[in-house]
Structures are given as C-alpha cells and as structure tokens.
Amino acid sequence: SLFALMSALASDIDAQVNKLKSLQEEVSSIRSNIQVVSGQQNENEMVRQELQLLNDSSVVYKKVGPVLLRQTLDEAKETVSKRLEYIAGEKEKLEKSLAATDEQGMKVAHDVQKKQSQLQSATAEAVGAIAKEHYEGKK
C-alpha cells in the first residue's frame, strides 16, 4: 500500500541521514589528521632547510628519549629526508581517503534527496486519494 511505501521510504531516509552524519564526522576526522601531518611536514621541512645551512664540520645531535646522540650531518639529512618521504606518503593516503569519503557522502546525500522527493510524491498522492475519498463520500 501507499502508506507502507511511505513508511519504508521514511525509515530508509532516516538510515541514510545517519550514514551521512557518520561520513561527515569521518571527513572531519580525516581533515584534522591531514592538518597534523601537514604540521609535521612543515616542521621537518624547516629542519631540512636548517641542516642545509650547516657545513660538514658542524656537530649535529639527535634526541632519542631524554638522551642526545651525536650524528653526522649526512645521517641527520638522511633521517629527515626519510621522515619527509614517510610523511608525504601518509598525507597522500589521508587525502585519497578524504576524497573517497567525500564522494561516498555526496552519493548518500543524492540518494537522500531522491528518496525525499519520492516520499513527497507519495505523500501528495496519498493526500489526493484521501481528498478524493472524502469528496466522493459527500455525494
């Protein structure tokens, strides 16, 4: 019946809206993670630039827990370079995840709009049927 269809559409819309909210929260979380990784990337880029200013006779220390360990300049540059590669990879993964989640959210939002339109049509049809029934009952 028309009312069963309307009820099914309404509960499906509710489920899709909840899914959309969940996807929006996920997008927000991914964006936050991208900001953190971007901050790490900027920090390490500054370290790399500072290391470029040093000469081979410069003394460089790496902090490991509460201890400072002496490193060669080349080791320090290599460590920072590898860290930047890793961070760039993580950032790329997050950006791909963000794009996929955004796309999924857009599909769910489109589906919700489509079902809301179907529900409005079904509601209008039901109102028309009730009005017709009422009008014919008065004859």
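The values are calculated or read from the model by the stated rules, or taken from the named source; none is laboratory data. Since the model is a prediction, treat every value here as computed from it, not as a measurement. Positions of Cβ are generated from backbone atoms using ideal geometry, with glycine treated the same way; all protein chains shown enter the neighbour counts. To get the accessible areas, we keep the full protein, side chains included, count just its heavy atoms, and leave off ligands, DNA and RNA. Shrake-Rupley method; radii C 1.70, N 1.55, O 1.52, S 1.80 Å.
On a full-extension model of 0.36 nm per residue, what is the gain between E136 and K93, subtracting their alpha-carbon distance, rounded to one decimal in nm?
On the way: separation 43, 0.36 × 43 = 15.48 nm, distance 6.40 nm.
Contour length minus the Cα-Cα distance gives 9.1 nm.
With angles folded into 0 to 90 degrees, how steeply does helix 2-53 sit against the dominant principal axis of the chain? Use alpha carbons for both and round to 10.
10 degrees
Sticking with the crude label model, points 7 Å out along Cα→Cβ, report the distance from S117 to S58 in nm, one decimal please.
6.2 nm
Quick one: helix 73-137 against the long Cα principal axis of the chain, what's the angle to the nearest 10°, folded into 0 to 90?
10 degrees
Across bins of 5 angstrom width beginning at 0, how are the C-alpha pair distances of the stretch 21-64 distributed, in whole percent?
Result, from short to long distances: 5, 18, 14, 16, 13, 9, 9, 6, 5, 3, 2, 0 percent.
What percent of all Cα-Cα pairs in the stretch 46-139 falls into each 10 Å bin, going from 0 up to the bin containing the maximum distance?
Histogramming the stretch 46-139 at 10 Å steps yields 13, 20, 13, 11, 10, 9, 8, 7, 6, 3, 0 percent.
What distance in nm separates the simple spin-label points at S32 and R48, each placed 7 Å from Cα in the Cβ direction?
It is 2.8 nm.
Counting every Cα pair in the stretch 1-94, what percent are over 24 Å apart?
Working: 2244 of 4371 pairs.
Counting pairs separated by more than 24 Å, the tail of P(r) holds 51 percent.
Round to a whole angstrom and tell me the spacing of the C-alpha centers of the stretch 60-139 and the stretch 1-45.
Distance between centres, Cα-based: 6 Å.
Accessible area of the chain with a 1.4 Å probe: how many percent of it is carbon plus sulfur?
On the way: 5410 of 10210 Å².
Solvent-exposed carbon and sulfur of the chain make up 53 percent of the total.
Listed here are the pairs K62/K96; K21/K107; K21/K91; K93/K115; K62/K82; which of them are more than 22 Å apart at the Cα?
Numbers: K62/K96 33 Å; K21/K107 13 Å; K21/K91 24 Å; K93/K115 33 Å; K62/K82 15 Å.
Table pairs above 22 Å Cα-Cα are K62/K96; K21/K91; K93/K115.
Just to verify a number: FRET efficiency for E103 and L5, C-beta to C-beta distance, R0 = 41 Å, to 0.05? Display every interim value, and only then the final one.
Working: r = 29 Å, r/R0 = 0.71.
The pair E103/L5 has a calculated efficiency of 0.90.
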